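Input: a single structure, listed below in structure tokens.
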Amino acid sequence: MTRFFNFSPGPAVLPAEVLQQARDEIVDWRGTGMSVMEMSHRGKEFIGIAERAESDLRELLSVPRNYKVLFMQGGATLQFAGAPLNFSVAGQTVDYVNTGAWSKKAIGEAKRYSKVNVAADAGGAYCSIPPVATWNASAGAAYLHYTPNETIGGVEFNFVPDMGNVPLVADMSSTLLSRPIDVSRFGMIYAGAQKNIGPAGLTVVIVRDDLLGRARTETPSVLDYAVVAKDGSMLNTPPTYAWYLAGLVFQWLKRQGGLSAIGERNRVKAAALYDAIDRSSFYENPVAKDARSWMNVVFTLARPELDKTFLTEAKDAGLVTLEGHRSVGGMRASLYNAMPMEGVKALVSFMAEFERKHA
Ligand SMILES: *Cc1c(COP(=O)(O)O)cnc(C)c1O
């Protein structure tokens, strides 16, 4: 069996320990004579799995008691509609900060339901975060939406904006669980699972109680956070196996020492790669230093005609899925929680060797 160092932006690498545990349990879960995949979501076994996952996630993120944690489907993309439908009335203004490709998609979807004010736009190549002092927030906005980590551009906020009483809504798909956060600063947080949580098919939503119960009447029940919360995320059949696997990932994270420990490891991993890029005159990262993502490190080669060779030789060295997003080109190394320091070190030494051979 071979495990490559997989730098995929998502679906992304999972901890090998978690996959091995899932393998050991896949046919007969703890003497029940069935797989978790085959269980009723309403049976006591699965309810136990689901509750444990929720309490572990709450513990990892120190989620305050006045927040609901929901396990939903439809990806982060469904929540692009979930935010305006749950938190704004038709015609009401909602504020959005545009820092790249995922912000843009969220804005596009919100425009179908609400009046969108783009409070800030990083513009051009989307390589920095516009300073909050320059934001043009609207009075009476239902909420302000932003994308703390832009997975494609490799741009990350190193702060949480203070918008006073306007609730913050954050698409944390590629950053949730990568470091500690103060959940109480947010009205709602959402994340597709396939970056740092578990397999695709599951979406985590964390929402403050006082924002529940305001959904527009036409909101589908499965997207109405109050309804989903009331039914313990089991209004209909949830993605049970993905929920179970996410639970195994949460247990793994706790064994790693929780989010402070994993955050420090992530900081060190990203610094090692950015340092290597900055030291070299062959590789380049275009992102402003204070906005560089810990999770998605983008870089270009001084000779783009060598991109294909780089990817082929990297693969031969056991380093895979390094191509940048099709919209930006170049390379992207995603360094989610399950990417060990050894993988980053292997990439850094491969890059040095490639530069020595080809530059
Ligand atoms: C991957 C990603 C999405 C899309 O997630 P889906 O689960 O595919 O809908 C949205 N936002 C960000 C920041 C992402 O990284």
Q: Grab the DSSP H runs of the chain that are 4 residues or longer, score each as -39,500 (n - 2.57), total them, divide by all residues and round the 222 nm result to the nearest 500 deg cm²/dmol.
A: -11000 deg cm²/dmol
Q) Sorted by average packing, counted as other Cβ atoms within 10 angstrom per residue and highest first, what order do 10-19, 218-227 take? A) 10-19, 218-227
Q: May I ask you to list, by number, the DSSP H helices of the chain whose Cα span along the axis is at least 27 Å and whose average Kyte-Doolittle hydropathy reaches -0.5 or more?
A: 258-279
(Q) Bins of 20 Å, beginning at zero and ending with the bin holding the largest distance: percent of Cα pairs per bin for the chain, please. (A) 30, 56, 15, 0
Q: For K230, go through the lysines and keep the ones whose alpha-carbon is under 16 Å away, minus same-chain ones fewer than eight residues off.
A: K68
Q | Residue order, fewest to most surrounding Cβ atoms within 10 angstrom, among K308, K111 | A | K308, K111
**Q.** Residues E156, E59 arranged by fewest to most Cβ contacts within 10 Å
**A.** E59, E156
Q: Keeping to pairs on different chains or 8 or more places apart, tell me how many lysine pairs in the range 258-358 have Cα atoms under 19 Å apart.
A: 6
Q. Assigning unit charges at the beta carbon (Lys, Arg +1; Asp, Glu -1) and nothing else, what dipole magnitude in debye, to the nearest 20, does the range 1-140 show about its Cα centre?
A. 460
Q.
Highest mean first, how do 315-326, 20-31 rank when packing is the count of other Cβ atoms within 10 Å averaged over residues?
A. 315-326, 20-31
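Evaluate the relative contact order of the chain (contact order divided by residue number), counting alpha-carbon pairs under 8 angstrom at least 6 apart; express in whole percent.
Reported as a whole number, the value is 23 percent.
Read the figures in this text as sums done on the coordinates, not as results from a lab. Being a predicted model, the structure only gives us computed values, none of them experimental. Using ideal geometry, Cβ is built from the backbone for each residue, glycine included, and neighbour counts are taken over all protein chains shown.
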